[in-house]
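Below is one structure, written out as structure tokens; the observations come after it.
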Amino acid sequence: MSTTNPAAGALWQDLQRLRERSPLVHSITNYVVMNSTANALLALGASPVMAHAVEEVEDIVGIASALVINIGTLSRPWVDAMHLAMAAARRRGVPVVFDPVGAGASRWRTQVCRDLLAATPPTIVRGNASEIRALHIAGAATRGVDSRDDAEAALEAGQALAASTGAVVSISGPVDLIVGAGGVLAVGNGHPIMPRVTGLGCAATALTAAFAAVNPDAALAAAHAMAVMGLCGEEAAAHSAGPGSFQVAFLDALYALDAGTIRRRLRIERRPTLH
Amino acid sequence: MSTTNPAAGALWQDLQRLRERSPLVHSITNYVVMNSTANALLALGASPVMAHAVEEVEDIVGIASALVINIGTLSRPWVDAMHLAMAAARRRGVPVVFDPVGAGASRWRTQVCRDLLAATPPTIVRGNASEIRALHIAGAATRGVDSRDDAEAALEAGQALAASTGAVVSISGPVDLIVGAGGVLAVGNGHPIMPRVTGLGCAATALTAAFAAVNPDAALAAAHAMAVMGLCGEEAAAHSAGPGSFQVAFLDALYALDAGTIRRRLRIERRPTLH
Amino acid sequence: MSTTNPAAGALWQDLQRLRERSPLVHSITNYVVMNSTANALLALGASPVMAHAVEEVEDIVGIASALVINIGTLSRPWVDAMHLAMAAARRRGVPVVFDPVGAGASRWRTQVCRDLLAATPPTIVRGNASEIRALHIAGAATRGVDSRDDAEAALEAGQALAASTGAVVSISGPVDLIVGAGGVLAVGNGHPIMPRVTGLGCAATALTAAFAAVNPDAALAAAHAMAVMGLCGEEAAAHSAGPGSFQVAFLDALYALDAGTIRRRLRIERRPTLH
């Protein structure tokens, strides 16, 4: 990690741009995290819009700067809307971030993910190690939506997924790994209490979309989002007594994140690509 | 603003009545804010019930003291239920508060609003400036569900909407404007951080319904709800460090709101109707 | 209440087991409480998964250690999924906890409950007094989803329901009553502010499922869950200023609950069965 931390300047620039433009992020996401996702986007400086009816998703994509597709609590009508929205986003050049929540937990869920990815490759896929593996490996098992696995365990699957879809693949874990055309970015920020709060993975996906709205380099956008999650998670953990007060402090930290904190604590590094 | 603040007595009386009766507010509302809306109603002293199946909405309206219709995350089955519930409420004399969340953001959304308003005029329409304009003006554009616009920008549209539907129109903004048969009420309470928290507009709609359940003067009920939102927003902002701690302090403030705070800080004024 | 409090040892043992195994609790529950339920399960040490599509609920039950069926915001497709999931759980020996939220508030809601109970008797039914009465007595009225009634008012209905279904019946109130084959357990922990926060009843149901995943004695599992709710409610009330800060402190208390607090404050007693 360089002492001058040149990555900090790039993140701070993206964050300032995001706060100025307040990009509208259209989220077709799961019921569990709609409120916490909307609040994370607002606290960061972006604007959320949730809409999932087949009658309107294409119109909503038309006013959005990024699209989130998160399959957490999927059902047939939502899958139809996801197909329409992803296709509309691709036609309009709107970046799409796909979150395969719980891929591997049921055969149908895994199949829906594969169908969506095959129909319209997203800009970025963001998931935990078991989800990324489930997308790549037939029969890989996921235990619900948790992830306490290392991202490393899914690096090979992520690289194969990136190669086959052209998407950047962002794998979350104690160290997040972002797999892009140019190699692998590793983000070391975060705190062990984070898996004890629901929806932080989904918030990471939404923040990834917000950064993709202001930075056309998808790998860097993904890394910036994961870094902001991790930095604010560290900040929140330092000012809370458990997962309840953590959530409160996390939103406050997103709102307050400044250049100094980023400069002092950011841990992004580019890995040599030996593969 | 009068120094004796006669409006404070009327608000305090409504609030006491509400806390005694704990009116049941039936909310057919969006997924994003269901939890925060229910908590705002409970903290205020009302009772929430959420139910949206066509098989039961008429029964639920039959035990409710007010009905909220909020189209935030609408889909076809929900629209059907909204039509049934609004008609049942009208038959039974249950006040209806309609929130056209995101009207203007898609053609379908705007059309659904117009159909619902035409089928059963509500007691009160509560929205932000761009939503109220979208209901009135064909082709007016809304940028998602945000509103940072002045309510003034929608005053003319609100007056036309009030005239055509017979509903009181409550337009939120830095100063909220309530348009009724007797003129315009302006509510000056609030805090700039409030648009950075999701669902406060929807909470305002739910509180409007709770006040409408205890005060048959719909314009006054709407003004009291907006004033309570604003007063508790000011209180919460004074005791918080960002949008996370704001939400916590806001619910605590709703629960604790007392006569003294209302008397000292309430800012409601009746505008001379020059129009 | 014994001074050595032998019940404390059994609860602490279950809680340790739960934190070690982190059982996966599949929740088919209502929109209002999905987020707060998931967070309560995570703070306790369990793992939540929410999934409701008919295409996948049987697969998800297959990886779960317990199933929650909560009808709060039911609609036809969800009822279909509940039938499938309950039957799958029974086939696999996965404990099922059924929460008849708002039973009695509409004819359809009451009928759906009776149909589900008749098709597949659950392991545990957890509801408030008016809900339990509505399941048993044709025409009993429920006022929404609130419960400020004593559990005693539903003891007879609970005993009849337990006898007819074979389920343990857990009735919440200022004192919770758990009706099982061996008699009645009474849990005296809790705090009067708890009904002013939405979703705590639903969280109690989810925690009941988590305890049922680690303790085959369903009555004891239900009592342990209600006791944990009550103990953490007392703890949270002591460190909060209203329903907003209560929720934060409640999650922190679930996360931190220790043997000492349980030993000092647990109030479970077995009632002599005079009936």
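The values are calculated or read from the model by the stated rules, or taken from the named source; none is laboratory data. None of these values were measured; they are calculated from a predicted model. Note that each Cβ is placed from the backbone with ideal geometry, even for glycine, and that neighbours are counted across all protein chains shown.
Would you call B:Ala210 within 14 Å of chain C (Cβ to nearest Cβ) and either among the aromatic types (Phe, Trp, Tyr) or in contact (Cβ under 8 Å) with a residue 60 or more places away in the chain (or both)? Yes.
Are any residues in the stretch A:113-123 buried (at least 24 other Cβ atoms within 10 Å of the Cβ) and either in contact with a His (Cβ under 8 Å, 6 or more places away or on another chain) or closer than 24 Å to C:His26 by Cβ (or both), and if so, which ones? Scanning the stretch A:113-123 gives a single hit, A:Cys113.
The set of residues in the stretch C:217-236 that are out of contact with any helix residue (DSSP H, G or I) (no Cβ under 7 Å at 6 or more places or on another chain) and among the acidic types (Asp, Glu) contains only C:Asp217.
Can you tell me which residue is nearest to A:Ser245 (Cα to Cα) among those in the stretch C:213-222 that are touching a residue at least 40 places away in the same chain (Cβ under 8 Å) and touching a Gly at 6+ places or on another chain (Cβ under 9 Å)? So the residue we want is C:Ala222. Taking the stretch C:239-275 as the range and being in a loop (DSSP other than H, G, I, E, B) and either surrounded by fewer than 17 Cβ atoms within 10 Å (Cβ to Cβ) or out of contact with any Gly (no Cβ under 7 Å at 6 or more places or on another chain) (or both) as the test, the residues that pass are C:His239, C:Ser240, C:Ala241, C:Gly242, C:Leu257, C:Asp258, C:Leu266, C:Pro272, C:Thr273, C:Leu274, C:His275. When the stretch B:21-59 is limited to residues that are part of a helix (DSSP H, G or I) and without any contact (Cβ under 8 Å) to a residue 24 or more places away in the chain, the one that is surrounded by the most Cβ atoms within 10 Å (Cβ to Cβ) turns out to be B:Met34. Of all residues in the stretch C:38-60, those satisfying the criterion of being touching a strand residue (DSSP E or B) at 6+ places or on another chain (Cβ under 6 Å) and more than 8 Å from chain A (Cβ to nearest Cβ) are C:Leu41, C:Ala46.
Yes/no matrix, rows are residues, columns are (1) of a type in the set (Lys, Arg); (2) under 19 Å from B:Ala89 (Cβ atoms); (3) at pLDDT 95 or above; (4) surrounded by fewer than 22 Cβ atoms within 10 Å (Cβ to Cβ):
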| residue | (1), (2), (3), (4) |
| --- | --- |
| B:Val125 | no, yes, yes, no |
| B:Ile132 | no, no, yes, no |
| B:His136 | no, no, no, yes |
| B:Asp146 | no, no, no, yes |
| B:Asp149 | no, no, no, yes |
| B:Ala153 | no, no, no, yes |
| B:Ile171 | no, no, yes, no |
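If you check A:Val125 against the conditions, is it out of contact with any Ser or Thr (no Cβ under 6 Å at 6 or more places or on another chain), farther than 25 Å from C:Ala85 by Cα and assigned to a loop (DSSP other than H, G, I, E, B)? No: the conditions fail for A:Val125.
Every residue, every condition in (1) in contact with a His (Cβ under 7 Å, 6 or more places away or on another chain); (2) surrounded by fewer than 24 Cβ atoms within 10 Å (Cβ to Cβ); (3) closer than 18 Å to C:Ala129 by Cβ; (4) free of Cβ contacts under 8 Å to residues at least 24 places away in the same chain, yes or no:
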| site | (1), (2), (3), (4) |
| --- | --- |
| C:Pro174 | no, yes, yes, no |
| C:Gly182 | no, yes, no, no |
| C:Ala186 | no, yes, yes, no |
| C:Ala206 | no, no, no, no |
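Checked across the stretch C:24-42, the condition of being farther than 30 Å from B:Leu74 by Cβ and either of a type in the set (Gly, Ala, Ser) or at pLDDT below 95 (or both) holds for no residue.
Given the condition over 22 Å from C:Ser75 (Cβ atoms) and at pLDDT 95 or above, answer yes or no: does some residue in the stretch B:67-82 qualify? Scanning the stretch B:67-82 turns up no residue that is over 22 Å from C:Ser75 (Cβ atoms) and at pLDDT 95 or above.
Restricting attention to the stretch B:60-88, the residues that are touching a residue at least 60 places away in the same chain (Cβ under 8 Å) and not hydroxyl-bearing (Ser, Thr, Tyr) total 5.
All conditions in (1) in contact (Cβ under 8 Å) with a residue 60 or more places away in the chain; (2) within 14 Å of chain B (Cβ to nearest Cβ) hold for C:Ala241, with the sole exception of (1).
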